[in-house]
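Input: a single structure, listed below in structure tokens.
The values are calculated or read from the model by the stated rules, or taken from the named source; none is laboratory data. Predicted model, so just to flag it, every value in this text is computed and none were measured. A quick note on method: Cβ atoms are made from the backbone with ideal geometry, for glycine too, and the neighbour counts reach across all protein chains shown. Side chains included, ligands, DNA and RNA excluded: accessible areas come from the protein's heavy atoms. Shrake-Rupley method; radii C 1.70, N 1.55, O 1.52, S 1.80 Å.
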Amino acid sequence: MRKPPKATPPKPTPPKPTPPKPALPPTVTIGDQTLESEALIGEVEAHLDTLLEQELAEDASFETYEQKLLKLVHEIARRKLEKKLQTVADGFARRLAIDHTNDWHGLREDTVATYRRHCPGVVTYHSLIGALRVRRYTYRECGRHGATHVPLELAAGLIERMTPALARSLALGYAHMPLRTCEELLIAAGMRPPSRSTLDRAARDLGAYAVACNPEIEPVVRANEVVPAQTRLIAVGLDRVAVPMRHGEELAGVAAYSADIRRSRPKPKQRAALKGAVQWRMDYVATVALLDDEKNLLESRKYRLPGDADIATIVERVVADVRHVLTQRPVEVAVIQDGAPELWSAIAAGLAREPLVPRWTEVLDWYHLNEHLSQCLDVCATPVEREPLRRRWHQRLLETKRGASHVLRSLRGKLRALDAVSADELTVQIGYIERHQHRMAYDEYQRRQVPIGSGVTEGACKSVVNVRAKRSGQRWSQRGLTAVLHLRAVHESNRFDGFWSFFARRYRAKHIVPLGLDAANEH
């Protein structure tokens, strides 16, 4: 019997050739932007290579190569900025209508004025990469004794004779560090900032104007903020912190927060008038913290006010934050701070005027209470009794419903065994606990996940004031301190970007419209 032939497997069919993908246009990525300009970038690189060959030796190190390259690129950019400003300055007609809607110098509100060309001049503006010398005209408002302004600055958004990039960098640097350090960091990064005296003058003027227009900008920034969905509690706190003032300026806080601060640059004082001991003044610090179910901090707002100014000013800003949160999420409000009676009176009066806050929880800061308990132990307890008695008080306060009453009974029982001087000292501490007894229900606060410590407010005293204004040897004029701490408080509240976007607009005119010549209106 013949075997059937073996079946031969089919030959595999070769895969179809894949058509080539169309070539993508050449792109160049700069920062977050992608530019389809590879050929132009290549030409620029070729010219830079030619310049570098002329500037560098063949055996130059990479460090030298980097420095020369940055210097060349920055010089090219500086010249382009200078030419751009000159082009803008040359493009203005002899008569202009300028829209003051943004109130860019704090002088007008919602008005359009007509200006005529006034005086020519060559002015130096400052940028991150060097000075920009520009020929431009000032323009005077038509009519007798009209105001004089510079359309170039209003059109380009120049801020205190600085480009917007330098002004923003200076504001951030001034909020974080002394200007000497800020200047050193800019130079180390390859920038060419103006002199330190120019930086100092510009930073103070910029910060002073930020303070002056804050009442208009802060509500707008606040209105654009979205409350985190996890927010469960608003924790509010007021405190006071010492600041070192220059001799003779410890009582200038009210003037520093007036509306005229933008146009009130003080005359330089004689060096002899600045000598004298440091004058310490107690300024106000306030915080509004948003917490979740686990008492984790989500966001915080921080404010500072001169000690001799009206405390209601800072309370109004705190209440405005509380109102903004409650309009989005009906959450609980708690006030957590130390026992200073004027602080409790101020915050209670502010919250009582707010219809959205029918009730709030008042908490005496646990750590301040513990300091007073330590003073009690210094008077009425022996070294052996001290720690056991403290632990018993803590256990009653934190775990029982009427812990404060137990501590008061214990302290009153100690009075009988004390001499007159010690009894008087202990009586003072008993009075402190009695006044704040209704703010010491710590067992209830812990069940409701309400914090018992004012850590956010204490931290604001350090992060806003101490870190910036209490370095070794520092003493402040009121104008400089107000300017720097306002910028720092804005930054520490995570509001700097929003604040700056509205603040920079005030240095720009909304519209600058050329007008035809009219000889009758020239004077």
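Sort out for me the Cα centre separation of region 68-101 from region 457-516, rounded to whole Å. One Cα centre to the other: 27 Å.
Only aspartates and glutamates eight or more places from Lys414 in sequence, or on another chain, were considered; those with a Cα closer than 20 Å are Glu371, Asp378, Glu385, Glu387, Asp424, Glu425, Glu434. For region 413-495, rounded, prolate or oblate, judged on the Cα gyration tensor with a ≥ b ≥ c (square roots of eigenvalues), a/c < 1.5 rounded, else prolate if a/b > b/c? Because a/c hits 1.5 or more and a/b fails to exceed b/c, region 413-495 counts as oblate.
The packing ranking, built from the mean of other Cβ atoms within 10 Å per residue, places the peptides 381-387, 91-97 in the order 91-97, 381-387, highest first. Peptides 486-499, 174-187 ranked from most to least packed by the mean count of surrounding Cβ atoms within 10 Å: 486-499, 174-187.
Under 5 Å between amide hydrogens, built in the peptide plane, is the criterion, and for Ala147 it picks out Glu141 among residues at least 5 positions away or on other chains. Annotation: amide H of Asp292 within the under-5 Å range of Arg232, Leu298, sequence separation 5 or more or interchain, hydrogens built in the peptide plane. Sequentially through region 317-332, phi angles give Karplus couplings (6.51, -1.76, 1.60; θ = phi - 60°) of 5, 5, 5, 4, 5, 4, 4, 4, 5, 5, 5, 9, 9, x, 10, 6 Hz, Gly and Pro residues having no value and appearing as x.
Rounded to the nearest Hz, the phi-derived 3J(HN,Hα) couplings of region 180-197 under the Karplus curve 6.51 cos²θ - 1.76 cosθ + 1.60 (θ = phi - 60°) are 4, 5, 4, 4, 4, 5, 5, 5, 5, 7, x, 7, 10, x, x, 5, 5, 5, where x marks glycine and proline.
Counting only heavy atoms of the protein chains and using a 1.4 Å probe, Lys414 has close to 60 Å² of accessible surface. Which length gain, in nm to one decimal place, applies between Phe502 and His47 when the Cα-Cα distance is subtracted from 0.36 nm times their residue separation? Stretched out fully, the Phe502 to His47 stretch lengthens by 159.8 nm. Once backbone amide H atoms are built at 1.01 Å from N, Val112 has His100 as its partners under 5 Å, excluding neighbours fewer than 5 places away on the same chain.
A prolate overall shape is assigned to region 116-173, the ratio a/c of its alpha-carbon gyration tensor axes (a ≥ b ≥ c) being 1.5 or greater and a/b exceeding b/c. The listed peptides 328-341, 303-316, ordered by packing as a protection proxy, come out as 303-316, 328-341 (highest mean of other Cβ atoms within 10 Å first). For region 115-156, the relative contact order is 35 percent, taking Cα pairs closer than 8 Å that sit 6 or more residues apart in sequence and dividing their mean separation by the residue count.
Is the C-alpha gyration tensor of region 154-211 telling us rounded, prolate or oblate? Criteria: a/c under 1.5 is rounded; beyond that, a/b larger than b/c is prolate, otherwise oblate. Since a/c reaches 1.5 but b/c is at least a/b, the shape of region 154-211 is classed as oblate. Converting phi to 3J(HN,Hα) with the Karplus coefficients 6.51, -1.76 and 1.60 and the offset θ = phi - 60°, region 451-466 yields x, 10, x, 8, x, 5, 5, 4, x, 5, 4, 7, 6, 7, 9, 4 Hz in sequence order, with x at every glycine or proline.
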